[in-house]
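Working notes for the structure below.
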Amino acid sequence: MKRLTLILFALMLSFHLKAQDQGKTPIGGRPDIKGDLFLDFGFNLLNNRPEEMDTRFFPSRTVNIYFQRPFYLGGNSGFTFNPGIGFGLDKLAFADDQTLTNDPDKGSQSSQLVDIEEIYGTGISVDKNTMALNYIDIPLEFRYHANRSNYNQGFRVALGGKIGVLYNAHTKIKFTDGDGVTQKLRTPRILDLT
């Protein structure tokens, strides 16, 4: 995951650096890379969840990293279309020592919530219980810039959304058994993209 993030970021950076004009940048100047790099941080809350599925607030977080490039619409109208690419990294920390597992009775696309003790045995102490969901996202935005002479300054309003494809999902469970042995388990979740 970390390697994929670094490779994608390096490719995006090198692509946009190649598009620069070949004039020399004065010492102390900064490169003129057209576009916006966003880093969002937030917390995940589940809507319409079963009562028994509870998550912890602070460990359930989300991080989004996007790069968007503006395309000017209508000359000096103030409007831009900003497509981009990036990563959406979501984490859910389950409470009550429960986790999601595949439910073979309902098919490969369904999950069930079970106690961790049912899977790994009784008498264990759970230290960490998370599920990670990682997406490649394509954000799309229309923006209006109040300052039509310089789109990088002034008030802006944006309307848009994003399309994402799940490329990695896994659970991480760290527990200590009755003998004092600590185990860390990372279980990939099956992704059926058909």
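Before moving on, here are some points about what is shown:
- Of all residues in region 59-95, those satisfying the criterion of being of a type in the set (A, V, I, L, M) and touching a Leu at 6+ places or on another chain (Cβ under 7 Å) are V63, I65.
- Selection of region 156-192 for residues being assigned to a loop (DSSP other than H, G, I, E, B), touching a Phe, Trp or Tyr at 6+ places or on another chain (Cβ under 9 Å) and either under 30 Å from G84 (Cβ atoms) or free of Cβ contacts under 8 Å to residues at least 24 places away in the same chain (or both) yields only L191.
- Residue match in region 118-129 (condition: open to solvent by less than 50 Å² (accessible area, probe 1.4 Å) and in a strand (DSSP E or B)): yes
- Test: residue in region 88-103 that is over 30 Å from G160 (Cβ atoms) and without any contact (Cβ under 8 Å) to a residue 12 or more places away in the chain: yes
- Test for Y135: is it surrounded by 15 or more Cβ atoms within 10 Å (Cβ to Cβ), in a loop (DSSP other than H, G, I, E, B) and either out of contact with any helix residue (DSSP H, G or I) (no Cβ under 9 Å at 6 or more places or on another chain) or of a type outside the set (K, R) (or both): no
- Of the candidates K162, K172, the single residue that is farther than 30 Å from G74 by Cβ, within 20 Å of the chain's Cα centre (by Cα), surrounded by 12 or more Cβ atoms within 10 Å (Cβ to Cβ) and charged (D, E, K, R) is K172.
The values are calculated or read from the model by the stated rules, or taken from the named source; none is laboratory data. Keep in mind it's a predicted model, so treat the numbers as computed, not measured. Backbone-built Cβ (ideal geometry, glycine too); neighbour counts: all protein chains shown. Side chains included, ligands, DNA and RNA excluded: accessible areas come from the protein's heavy atoms. Shrake-Rupley method; radii C 1.70, N 1.55, O 1.52, S 1.80 Å.
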